[in-house]
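Asker: Supplied in structure tokens, the structure appears directly below.
The values are calculated or read from the model by the stated rules, or taken from the named source; none is laboratory data. Fair warning: this is a prediction, and the values are worked out from it, not measured in the lab. Glycine gets a Cβ as well: all are built from the backbone with ideal geometry, and neighbour counts include every protein chain shown. Only protein heavy atoms, including side chains, enter the accessible area calculation; ligands, DNA and RNA are left aside. Shrake-Rupley method; radii C 1.70, N 1.55, O 1.52, S 1.80 Å.
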Amino acid sequence: MRLIAHRGFAATAPENTIAAIQSAAEYADVVEFDVRRCGSGELVVIHDETIDRVTGGIGTVADSTLEKLKTHTILDSGERVPTLEEMLEALPSTVEVNLEMKDLGIASDVLDAIEGVENRIVTTSFLLPELRTIREIDPSQPTGLLVSRHLETPITTAVELDCDVIGANYWRCLTTRLVSRAKSVDLEIHVWSLERRLTAKLLECRGVDCISADRPIRL
């Protein structure tokens, strides 16, 4: 079982920053970060729809130009919101990446950005249209369906989308047949977000491939 650094271990460093991702890559097998489109069209690495929580500023990412975003610093870091290209350039080539697409309509540009990157990148999303677009444009690109609490047929949906990975909340994986059903159709299973090693061990016994955590956990 492998360890995913959720937003670069968000509980121990300012999330989704280049420094956090680089630091997490020294410990984790996989680093995870979120991608949105800003108001001037560029893809940027930030989780929320707004900049309020992570920068202390006010406004939505979709309405903010890259120039405006770069006037803010991420709290407790001094860093600016990175573009996807900046993040990819800063990554060690040996670490795997989970890139979560947070907006509709960005899949094609994400593929353009990751073309030629040495890292194995799994493009993940809760947004089914983005996963469909990835598969239509590049059948070889690894994709992962992130399961929302409202999705009633996660395994069927992942298979229909021809995904390589399925990601779900740890509680759902412990209390339903999701893991066994995913294994039966050869889906790689990623589980979020864990704090306790004991929970990780229980999931490992079930056959989970990766766990996502906000802080380093010894596996």
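Asker: For region 42-56, in order, what is each residue's ³J(HN,Hα) by Karplus, 6.51 cos²θ - 1.76 cosθ + 1.60 with θ = phi - 60°, in whole Hz (x at glycine and Pro)?
Answerer: Values per residue, Gly and Pro as x: 6, 8, 10, 9, 7, 7, 6, 5, 10, 8, 4, 5, 8, 10, x Hz.
Asker: Taking amide H atoms as placed 1.01 Å from N in the peptide plane, list the residues 5 or more away in sequence, or in a different chain, whose amide H sits under 5 Å from that of Leu194.
Answerer: Answer set, sorted by chain and number: Ser212, Ala213, Asp214.
Asker: Provide the percentage of antiparallel DSSP beta bridges, counting only those with both residues in region 6-110; round to the nearest 5.
Answerer: Here the antiparallel bridges make up roughly 40 percent for region 6-110.
Asker: Shifting gears a bit: Tell me which residues come under 5 Å, amide H to amide H, from Thr124 once H is placed; ignore anything under 5 positions away on its chain.
Answerer: Sorted by chain and number, the residues that satisfy this are Leu99, Glu100, Met101, Gly144.
Asker: Explain nothing, just the number: dipole magnitude of region 1-53 about its Cα centre with +1 on each Lys and Arg Cβ and -1 on each Asp and Glu Cβ, in debye rounded to the nearest 20.
Answerer: Numbers: 5 positive and 9 negative charges, 11 e Å.
Dipole of region 1-53, to the nearest 20 debye: 60 debye.
Asker: Considering only DSSP beta bridges with both partners in the chain, what is the antiparallel share in %, to the nearest 5?
Answerer: Details: 5 of 36 bridges.
For the chain, the DSSP antiparallel bridge percentage is about 15.
Asker: How big is the dipole moment of region 1-95 about its Cα centre under a simple scheme where the beta carbon of each Lys and Arg is +1, that of each Asp and Glu is -1, and everything else is neutral? Debye, nearest 20, please.
Answerer: 60
Asker: Also, I was wondering about something else. Suppose every Lys and Arg Cβ carries +1 and every Asp and Glu Cβ carries -1, with no other charges. What dipole size does the chain come out with about its Cα centre, to the nearest 20 debye?
Answerer: Value, rounded to 20: 1120 debye.
Asker: Considering only C-alpha atoms, what is the centroid distance from region 174-219 to region 1-69, in Å?
Answerer: The distance from the Cα centre of region 174-219 to that of region 1-69 comes to 24 Å.
Asker: Can you tell which of Ala5, Ser140, Ile121 lies farthest toward the positive end of the dipole of the chain, using +1 and -1 charges on the Cβ of basic and acidic side chains (Lys, Arg; Asp, Glu)?
Answerer: Highest projection toward the positive end goes to Ala5.
Asker: For the chain, what does the accessible surface come to per residue with a 1.4 Å probe? Please give it in Å².
Answerer: 47
Asker: On to the next question. Using θ = phi - 60° and the Karplus curve 6.51 cos²θ - 1.76 cosθ + 1.60, what whole-Hz ³J(HN,Hα) does each residue of region 72-85 get, with Gly and Pro shown as x?
Answerer: 9, 10, 6, 4, 6, 10, x, 7, 9, 4, x, 6, 4, 4
Asker: Further question: So what's the back-of-envelope 222 nm ellipticity for the chain, counting only DSSP H runs of four-plus at -39500 (n - 2.57) apiece and dividing by all residues, rounded to 500?
Answerer: It lands at -8000 deg cm²/dmol.
Asker: List the residues, sorted by chain then number, that are 5 or more residues from Ala13 or on another chain and whose placed amide H is less than 5 Å from its amide H.
Answerer: Residues meeting the amide H criterion: none.
Asker: With a ≥ b ≥ c the root eigenvalues of the C-alpha gyration tensor of region 138-219, is it rounded (a/c under 1.5), prolate (a/b larger than b/c) or oblate?
Answerer: Verdict is prolate for region 138-219.
Asker: Sort 121-127, 154-160 by the packing proxy (mean of other Cβ within 10 Å over each peptide's residues), most packed first.
Answerer: Top to bottom by mean Cβ count within 10 Å: 121-127, 154-160.
Asker: With the dipole of region 81-178 worked out from charges on the C-beta (+1 for Lys and Arg, -1 for Asp and Glu) around the Cα centre, which of Ala107, Leu151, Val81 lies farthest toward the positive end?
Answerer: Leu151
Asker: From Cα coordinates alone, what are the radius of gyration and Dmax values for region 60-188 in angstrom?
Answerer: My reading of the Cα-based Rg and Dmax gives 16.5, 49 Å.
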